[in-house]
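Have a look at the structure below before the remarks.
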Amino acid sequence: MSQYLETDVLIIGAGGAGMYAAIAAAEAGARVLLLDKSLIGRSGATVMAQMTVAAAIGEEEPDDWRFHLKDTIAAGRGLVNEPLARILCETGPDRIWQMEEWGVGWARKGNHITQAHAPGHDRKRCVYVDFLNTGPASARILRNQVRRHDTIRRISDLFVTDLVTQDGRAAGAVALHLETGQAVTIAAKATVIATGGLTSMYSRNSASANMGGDGFALGLRAGAELIDMEFVQFFPIGHLAPRLIGMDPIMWDPFRYKLGGRLLNGDMQEFTQNYGAPEDGKYVVTRDAATYAIVKEVAAGRGSPHGGAWLSFEHIPDEDLRAAFGPVIDRLAAAGIDLTKMPIEVYPIAHYHMGGLRVDDSLATSIANLFAAGEAVGGANGANRLSGNAITEAFVFGELAGRSAAAIAPNAAGMDIRDAAAPFLATLEGASGRPGQGPSPTAAIAALQTILQQDVGPFRTAESLNRAIAGITALTAALPDMPTGTQAAFNQQLADWFGLRNMLLVARSIATAALARTESRGAHQREDYPGLDEAWTYNQVLRLQGGEIQLARGEVRRLAPEEA
Amino acid sequence: MDLASERPAAELKIRRGGPGGPVQYEHFTFIFEDGQSVLDALRWIRGNRDATLAVRYSCINANACKECVMRIDGRTGYACTTPLRSGEMLIEPLPNKRLIRDLVTDTLPPDERLT
């Protein structure tokens, strides 16, 4: 049995960007269908954000969006799409104030909002909600705002398996309803991809389980272009051990920022200076240099027991710890962690994806009527994202994509997509209910995560990338026969099959782009091509042709001096 | 020496099946490290023993999504914040919500459902 739904604007993914897009599209008069393969407003990256949101609101000290833009462009190592970054920096303050109006409760000191000075920024620019509560507070406020609009229909547990195009235009989607196993066809005048990034494709990641790059695969298969897929940001000191629950694994970033701390090898010796990056107990080593030092030290056999580095705050008095992090210290104590008496173990962790769907300044992709929002957008952060820009881009690009999608909807014909959807419904039916004994897609996802972690991680070589591509090819060949289980209700094995199908295409995109870029820049470090090569100052654009990924060069989009 | 035998083992007794069917329990043994959660064991079962086990989760570790709420040893809790312990642990779906399958119940707000 198949259901058929119609809407003006279809939004795929209900994290920060998707919810903001829904609100903006509804306020512009569109009927909206907001979907999530998990629960509305509770999945994705936004709800997990701990602290910093960058915007030049000038509450802590005088600021201007132009300064924020300058820092964003510098962090991106020559590859930032400057018009997009300008939108991010110039309208970021509007979104921060709108969230404040809606009651998010940015932390305040006296009569002004507090702003932290995060690495890479030239001044105090990052707002937050105490304590480490930025994401949950933002998600709650956006869920409340979404609910105020009768014209936004929300559906959870609905996993979009393919976009439907008709006459070369995005015209809707086919989806799997997880609860019942039912196929759903959705006709839409405009579609927004707000599925976030891809970091759950790595075995060590700071993402929720549903950040598997779905939107990139949906876009590629529908004919849209991707950009900068080789740039996956690793956060150097992700939590490794002891096992800590109820906390985001990147929590040590604010700790190091406020308290310093010492990074030590398995022999309890400082070591980053041996890789040209001394830190002397301060949090000064850049993310790429710290990642390099930790990975190399562990590879040399001088890692901590779980294969990482030690991070020690043992020299910091308890009262200083409590002043900086209050109730978080109690949550650590409940988990048996007393920072005054023990170091913890850290290791680099996949954190964010700079690449994504290639868009214009209205966030339209290269396919008519198809837009992107949030982390799914490629280009605004170039080869490396400035800390604090991710939530800002969820809000800013969400609002803009929703507005852009609503603006074209009245002029787009409402199409009957039953015929165009038929092949995708057939794919869904063909994959469903396949019994079998072979390796499950669930296990294959774990195998793919290991491949990406080991061979397409922060440091790559032609050898590792070719090995990864061979592994991806083998899994892709095995995919059609992988069992999907016969249960209709909540068949996660079937959802994993479609998730794996997307991941394999996206993994191939990353590895292919990384193999082609024979230089080291930002988050893409080639051990066989150390150092930045000016001749590589352009973006790589990917599209799918005849089932193969095609790479092309794209000029980096710059602002004229008077526009920046 | 088999190091694994030195480590604690949780014996998970998991209620399986959909609405209307017979009540049945399946047993899985999971060797764990201190600090590992019930959700760690359930995800390991899905990846290594039985991929047909239905269990709702999203954020895995941060206790931000609140999806993995279920009945653990007769008490309502989150699988991601409940530590494993040695011996038998009883894992069941929420008793006061409509059962979908295995450990998944209908926890959606009514206006977020497809039908």
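The values are calculated or read from the model by the stated rules, or taken from the named source; none is laboratory data. Here the structure is a predicted model, which is why all the values come from computation and not from measurement. Using ideal geometry, Cβ is built from the backbone for each residue, glycine included, and neighbour counts are taken over all protein chains shown.
Of note:
Residues are listed down the side, and each one gets a yes or a no for (1) more than 20 Å from A:Ala118 (Cα to Cα); (2) in contact with a helix residue (DSSP H, G or I) (Cβ under 6 Å, 6 or more places away or on another chain); (3) of a type outside the set (Phe, Trp, Tyr):
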{"position": "A:Gly260", "(1), (2), (3)": "no, no, yes"}
{"position": "A:Asn265", "(1), (2), (3)": "yes, yes, yes"}
{"position": "A:Pro278", "(1), (2), (3)": "no, no, yes"}
{"position": "A:Asp288", "(1), (2), (3)": "no, no, yes"}
{"position": "A:Gly303", "(1), (2), (3)": "yes, no, yes"}
{"position": "A:Gly307", "(1), (2), (3)": "yes, yes, yes"}
{"position": "A:Asp338", "(1), (2), (3)": "yes, no, yes"}
{"position": "A:Lys341", "(1), (2), (3)": "yes, no, yes"}
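Matching residues to (1) surrounded by fewer than 24 Cβ atoms within 10 Å (Cβ to Cβ); (2) modelled with pLDDT under 90:
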position: A:Ala207; (1), (2): no, yes
position: A:Gly212; (1), (2): no, no
position: A:Ala217; (1), (2): no, no
position: A:Arg221; (1), (2): yes, no
position: A:Ala224; (1), (2): no, no
position: A:Met229; (1), (2): no, no
position: A:Val232; (1), (2): no, no
position: A:Pro236; (1), (2): no, no
position: A:Ile245; (1), (2): yes, yes
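- Residue tally, condition among the aliphatic types (A, V, I, L, M), part of a loop (DSSP other than H, G, I, E, B) and at pLDDT below 95, over the range A:45-65: 3
- Within the range A:34-48, the residues that satisfy the criterion of being over 12 Å from the mean Cα position of the chain (by Cα) and more than 7 Å from chain B (Cβ to nearest Cβ) are A:Leu34, A:Leu35, A:Asp36, A:Lys37, A:Gly41.
- Put simply, of A:Asp253, A:Asp228 the only residue that is out of contact with any helix residue (DSSP H, G or I) (no Cβ under 7 Å at 6 or more places or on another chain) and under 24 Å from A:Ser43 (Cα atoms) is A:Asp253.
- Residue check: A:Ala350 meets all listed conditions (1) in contact with a Lys or Arg (Cβ under 7 Å, 6 or more places away or on another chain); (2) within 14 Å of chain B (Cβ to nearest Cβ); (3) more than 29 Å from A:Glu230 (Cβ to Cβ) but one, namely (3).
- Search result, residues across the range A:310-331 that are in contact (Cβ under 8 Å) with a residue 60 or more places away in the chain, among the aliphatic types (A, V, I, L, M) and touching a Lys or Arg at 6+ places or on another chain (Cβ under 9 Å): A:Leu311, A:Ala324
- Residue that is polar (S, T, N, Q), under 19 Å from A:Phe159 (Cα atoms) and at the interface with chain A (Cβ under 9 Å from one of its Cβ atoms), where the choices are B:Thr115, B:Thr105: B:Thr115
- If you go through the range A:455-482 and keep only what is assigned to a helix (DSSP H, G or I), at pLDDT below 95 and under 18 Å from A:Val232 (Cβ atoms), you end up with nothing.
- Looking only at residues of the range A:239-268 that are more than 14 Å from chain B (Cβ to nearest Cβ) and aliphatic (A, V, I, L, M), we find that the one that is nearest to A:Ile316 (Cα to Cα) is A:Leu259.
- In the set A:Leu240, A:Leu244, only one residue is more than 27 Å from A:Gln115 (Cβ to Cβ), touching a residue at least 12 places away in the same chain (Cβ under 8 Å) and in a strand (DSSP E or B); that residue is A:Leu240.
- Meeting the requirement of 3 or more residues that are away from chain B (no Cβ under 14 Å), the strands (runs of 3 or more DSSP E) wholly within the range A:127-201 are A:158-166, A:169-177, A:183-193.
- Test set (1) surrounded by 16 or more Cβ atoms within 10 Å (Cβ to Cβ); (2) free of Cβ contacts under 8 Å to residues at least 24 places away in the same chain - A:Ala412 fails condition number: (2)
- When A:Gly485 is tested against (1) within 14 Å of chain B (Cβ to nearest Cβ); (2) at pLDDT 95 or above; (3) buried (at least 23 other Cβ atoms within 10 Å of the Cβ); (4) touching a helix residue (DSSP H, G or I) at 6+ places or on another chain (Cβ under 6 Å), only condition (2) is not met.
- Inside the range A:72-94, residues that are buried (at least 24 other Cβ atoms within 10 Å of the Cβ) and farther than 20 Å from A:Glu230 by Cβ make up a count of 3.
- A:Ala513 being away from chain B (no Cβ under 14 Å) and in a helix (DSSP H, G or I): yes
- Residues of the range A:173-192 that turn out to be buried (at least 24 other Cβ atoms within 10 Å of the Cβ), farther than 23 Å from A:Asp419 by Cβ and of a type in the set (Val, Ile, Thr), as a count: 1
- Going through (1) at pLDDT below 95; (2) part of a helix (DSSP H, G or I); (3) not hydroxyl-bearing (Ser, Thr, Tyr) one by one, A:Pro530 falls short only on (2).
- Scan the range B:22-36 for residues that are at pLDDT below 95 and either of a type in the set (Val, Ile, Thr) or closer than 21 Å to A:Gly44 by Cα (or both) and the total you get is 1.
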